[in-house]
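So the structure is just underneath, and the comments pick up after that.
The values are calculated or read from the model by the stated rules, or taken from the named source; none is laboratory data. Everything quoted here is computed from the prediction, not taken from an experiment. Because the Cβ atoms are built from the backbone with ideal geometry, glycine has one as well, and the counts that use them run over all protein chains shown. For the accessible areas, the whole protein counts, side chains as well, though only heavy atoms, and no ligand, DNA or RNA atoms are used. Shrake-Rupley method; radii C 1.70, N 1.55, O 1.52, S 1.80 Å.
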Amino acid sequence: MVNAGDMNGSGNLMDFLDEPFPDVGTYEDFHTIDWLREKSRDTDRHRKITSKSKESIWEFIKSLLDAWSGWVVMLLIGLLAGTLAGVIDLAVDWMTDLKEGVCLSAFWYSHEQCCWTSNETTFDDRDKCPQWQKWSELLVSQSEGASAYILNYFLYIMWALCFAFLAVSLVRVFAPYACGSGIPEIKTILSGFIIRGYLGKWTLLIKTVTLVLVVSSGLSLGKEGPLVHVACCCGNFFSSLFSKYSKNEGKRREVLSAAAAAGVSVAFGAPIGGVLFSLEEVSYYFPLKTLWRSFFAALVAAFTLRSINPFGNSRLVLFYVEYHTPWYMAELFPFILLGVFGGLWGTLFIRCNIAWCRRRKTTRLGKYPVLEVIAITAITAIIAYPNPYTRRSTSELISELFNDCGALESSQLCDYINDPNMTRPVDDIPDRPAGPGVYTAMWQLALALVFKIVITIFTFGMKIPSGLFIPSMAVGAMAGRMVGIGVEQLAYHHHDWIIFRNWCRPGADCVTPGLYAMVGAAACLGGVTRMTVSLVVIMFELTGGLEYIVPLMAAAVTSKWVADAFGKEGIYEAHIHLNGYPFLDVKDEFTHRTLATDVMRPRRGEAPLSVLTQDSMTVEDVETLIKETDYNGFPVVVSKDSERLIGFAQRRELILAIKNARQRQDGVVSNSIVYFTEDPPELPPNSPHPLKLRRILNLSPFTVTDHTPMETVVDIFRKLGLRQCLVTRSGRLLGIITKKDVLRHMAQMANQDPESIMFN
């Protein structure tokens, strides 16, 4: 037997893990983080900094810097997200107009900027100026006629195909993760899942560049969802510069939640809506501290965007409206009808889009993403060009649909027949009979609506950046504007009807069709995403229509009720399930009467649970167990006979600990005994050095008894963000329940394929 002095001498060898080694506490790709452990590690770090801060002035300054690092990260995220959003907006304006013509005085000017600088522009022809030339004027010196139209048509299609091909090629070659809207993956990452590279620098760069290209190509998609992804990439980049966030995945996710708020803030010019969107729709863990920081990040991002002034109207938003008439109680009925339409459109879109995306994943179609993008772009450009409402960018279309018809409007939608004897002020134009321009606009809008509904189903989900907010709002705005014009004409021609008699006198300005477009846009966006509170706030921030909150609330709630009647999933949750991400939705209810023993593994007839013992396994035994299984961790028991639970050891940390011990210590060999106890027993003199791994052992793994209801277990997994939970009876280990076991069980109870809950 070795004496006490020898044991003390070898104590340093066995306790080498008292110094942290590289990569300990990190996670492998496509694994879930342990929220409880991350929280505990941050508490320990904070306690250590606080105690050290009393030792010297330098340590006190370091503690202050640590405390302020969160606000510094938020400031940097806001500045970069706002700058990128402003650059994207300016580039999209220029490249969208490039499909139709070019500015001769400065080719980098968009159509609007080109005519601003012209001294020869008249008010009636404010879109025409000698400096701006269509391609037909530039190439064949003709602006009218069949040949000019065909040339412009051909070049419009060519530019669209060129932009789309360049975008899909960049995504395929440099950053495959830059495709899609990014919100389903952001939700999954914020719930604790690791997808390495999804928020990387290449993804940020390629997504920013390709977002400009795809929006400019005229495809039926928006930039709002991808801007959330871009902002989260900024958040990930800046958090990696501070060890407080780079070494703690839980803290990093607090930064990403705030970055998501900044993304919506710059996407819509809606800082408060951005914070609420992050809270309601995206975030999984949202402490009060994160709420304040999200607010600050959204504020800085909005301020930066306002400084750049991309829309040239000194406002944060493109859709700013000013209506001059209030809404009336009788109008709630058409507003609710628009809510019903929004809910039905949301259901139709989700079902059709998921069916198409599933077909893309399971058939040969998925092998040709470039061909698919080119085909959809060609179809979109060919059908969109003849119709003025689909030819222009979707943001401009929504802006025109939201607008009230003032005396200075030249849009077809404002082609009413004026009364020559009218002497009212400019702002208060009474309801008038529709002219031929309005009727032309109505059937063009009807065709545009059908086209938008169909083409968006096939566009969303392709291998390019694609947002859904703007196309959904466009569908609702077109339907709403048509309903608004219908109600307006009904009120004008039948003002003696009982529903109009009390509030719509002849010669009064009763109905605002632009308001119906705004309500329809909110209803359709709500039907697709199932947002409510954040949606209403985003809409009134987006338009400045503060007094129209009640119509927006009525439409948003109705659309959610109608859509929920057909299925609880919004589009983002549906895509999460389609891709098999391990996302445990807080909104899902579990009402089945099953117990932990029904879900735990091993089941009857399966091999016994793979476990480690506290003091009877060699390094070779542990390595063999790791090699022969693919589990993420192993329970540690007193012995295989007693099965009394001691703790839980993570697979990755076991591998790293043994690898480091072999490299740094000569005495550790294959037949060294592995100890998880506090004090290993005395060993014979010739025995190999033991390896003490108690430091990597989680001594307080979460446990439940075998008779715990699954309803409680699901709640525990949701609220504590667990990776796994051990099942015991009277202190003896019976089995284990992982997050994927919970998801499989929930799928089985909902009569779905349980194997679909696998990352694909």
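Couple of notes before you dig in:
- Test: residue in region 287-297 that is open to solvent by 50 Å² or more (accessible area, probe 1.4 Å) and within 30 Å of residue 580 (Cα to Cα): yes
- Qualifying residues in region 511-548 (those that are polar (S, T, N, Q) and farther than 21 Å from residue 397 by Cα) - the one most open to solvent (accessible area, probe 1.4 Å): 532
- Identity of the residue in region 211-247, open to solvent by 10 Å² or more (accessible area, probe 1.4 Å) and among the polar types (S, T, N, Q), that ends up modelled with the highest pLDDT: 236
- Among the residues of region 308-336, just one is within 30 Å of residue 109 (Cα to Cα) and assigned to a helix (DSSP H, G or I), namely 308.
- Qualifying residue in region 375-384 (condition: open to solvent by 10 Å² or more (accessible area, probe 1.4 Å), farther than 26 Å from residue 526 by Cβ and touching an Asp or Glu at 6+ places or on another chain (Cβ under 7 Å)): no
- Flag if residue 532 is in the same structural domain as residue 434 (by the TED database), under 28 Å from residue 587 (Cα atoms) and modelled with pLDDT under 95: yes
- So residue 106, is it open to solvent by 20 Å² or more (accessible area, probe 1.4 Å) and either without any contact (Cβ under 8 Å) to a residue 60 or more places away in the chain or under 27 Å from residue 233 (Cα atoms) (or both): no
- Helices (runs of 4 or more DSSP H) completely within region 549-628 that count 2 or more residues being among the small types (Gly, Ala, Ser) and either closer than 30 Å to residue 362 by Cβ or open to solvent by 20 Å² or more (accessible area, probe 1.4 Å) (or both): 549-566
- All positions within region 675-719 that are in a helix (DSSP H, G or I), closer than 26 Å to residue 587 by Cα and open to solvent by less than 50 Å² (accessible area, probe 1.4 Å): 710, 713, 714, 716, 717, 718
- Filtered by the rule that a residue be part of a helix (DSSP H, G or I), open to solvent by less than 80 Å² (accessible area, probe 1.4 Å), over 24 Å from residue 222 (Cα atoms) and of a type outside the set (Asp, Glu), region 134-166 gives 135, 136, 138, 140, 146, 147, 148, 151, 152.
- The criterion of being at pLDDT 90 or above and either surrounded by fewer than 16 Cβ atoms within 10 Å (Cβ to Cβ) or not small (Gly, Ala, Ser) (or both) holds for residue 450.
- Breaking point among (1) surrounded by 15 or more Cβ atoms within 10 Å (Cβ to Cβ); (2) under 22 Å from residue 211 (Cβ atoms); (3) not basic (Lys, Arg), for residue 344: (2)
- Selection count where residues are polar (S, T, N, Q) and either without any contact (Cβ under 8 Å) to a residue 24 or more places away in the chain or touching a strand residue (DSSP E or B) at 6+ places or on another chain (Cβ under 9 Å) (or both), scope region 162-185: 1
- Annotation note: of 673, 716, the sole residue that is in contact with a strand residue (DSSP E or B) (Cβ under 8 Å, 6 or more places away or on another chain), free of Cβ contacts under 8 Å to residues at least 24 places away in the same chain and either under 21 Å from residue 594 (Cα atoms) or not polar (S, T, N, Q) (or both) is 716.
- Residues in region 140-161 that are in contact (Cβ under 8 Å) with a residue 24 or more places away in the chain and not β-branched (Val, Ile, Thr): 152, 153, 155, 156, 159, 160, 161.
- Qualifying residue in region 509-527 (condition: more than 18 Å from residue 335 (Cβ to Cβ) and over 26 Å from the mean Cα position of the chain (by Cα)): yes
- Any chance residue 672 is open to solvent by less than 10 Å² (accessible area, probe 1.4 Å) and either over 30 Å from residue 590 (Cβ atoms) or not small (Gly, Ala, Ser) (or both): yes
- Candidate set: region 42-93, residues that are assigned to a helix (DSSP H, G or I) and acidic (Asp, Glu); chosen: the one surrounded by the fewest Cβ atoms within 10 Å (Cβ to Cβ): 44
- Residue among 345, 327 that alone is outside the structural domain of residue 572 (by the TED database) and not charged (D, E, K, R): 327
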